[in-house]
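The values are calculated or read from the model by the stated rules, or taken from the named source; none is laboratory data. The structure presented is a predicted model; accordingly, all values stated were derived computationally and were not measured. Note: ideal-geometry Cβ built from the backbone for every residue, glycine included; neighbour counts use all protein chains shown.
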Amino acid sequence: MTRTNTHERLRRLELLAVQLKQDVHCTIKDLAAQHGVSTRTIARDLSIMREQGIQIDADRGRGGGVRLDRNWGVGRINLAYPEAVDLLISIAVAEQMNSPIFLASLGSVRRQLVASFSPEKRTKVNRLKSRILIGNTSSTYVQASASSPPKRVVQAVHQAFMNQEVLEIRYQREDGESSERLIEPHYLLLKYPIWYVVAFDHLRNEPRTFRCDRMLAAKTTGTHFRLLEKEEFRQSLDGDDLAV
């Protein structure tokens, strides 16, 4: 088994343990489809987990499922680097929102996450955090027209932002007219609860701000861009009392 395959299997075993612990009816066929592997591979994974002493219950009969024993704990959480980055940035956003409820321990959680990174990755995370801006809360008028963007759009924006990739989007304006755009997602702006992409728009050849929930489609292009300073986007950000 190659190193890549070994890493993929170890990661899959961790995800399977979490998934089965949630006490949701899961069949081997369902698990195979969700993880993009064969039912034989999932069966081998479950066998490995049993050999490690993890108690897995199986419901017999047609349509039977598998789950972890109710008394078994998943144990220590092991986050992949992108997951840890997302969590750390989410904590930074929550701290900037200044909500007094359930945030007492966020500082401690943040310090533990930061300590788990190498110095090189800490620098990278801090650079990402500096590209997320918090503005004023959106008006009730804007909130009334808001909707959740499609999951594929969110994933594409996330990847393009993290990797500094040019993003191809289909964008719908307030008047309903749509257009195809190539944008560089330099910064993300939260005007609670609406997320905006502060970008350089290749169509207009100038900085523009795009509402994420108005992106009808989005995909990465693999083309990277050089990050511009916030001052280059000052006109797009005027009127917002921004925290970083």
Subject >> Qualifying residues in segment 91-138 (those that are small (Gly, Ala, Ser) and modelled with pLDDT of 85 or more) - the one surrounded by the fewest Cβ atoms within 10 Å (Cβ to Cβ) >> reply: Ser130
Original post:
Do you know which residues across segment 159-192 are out of contact with any Phe, Trp or Tyr (no Cβ under 7 Å at 6 or more places or on another chain) and not in a strand (DSSP E or B)?
Top reply: Gln159, Ala160, Phe161, Met162, Asn163, Arg173, Glu174, Asp175, Gly176, Glu177, Tyr192
**OP:** May I ask you to verify whether Ala43 is small (Gly, Ala, Ser) and under 23 Å from the mean Cα position of the chain (by Cα)?
**Re:** no
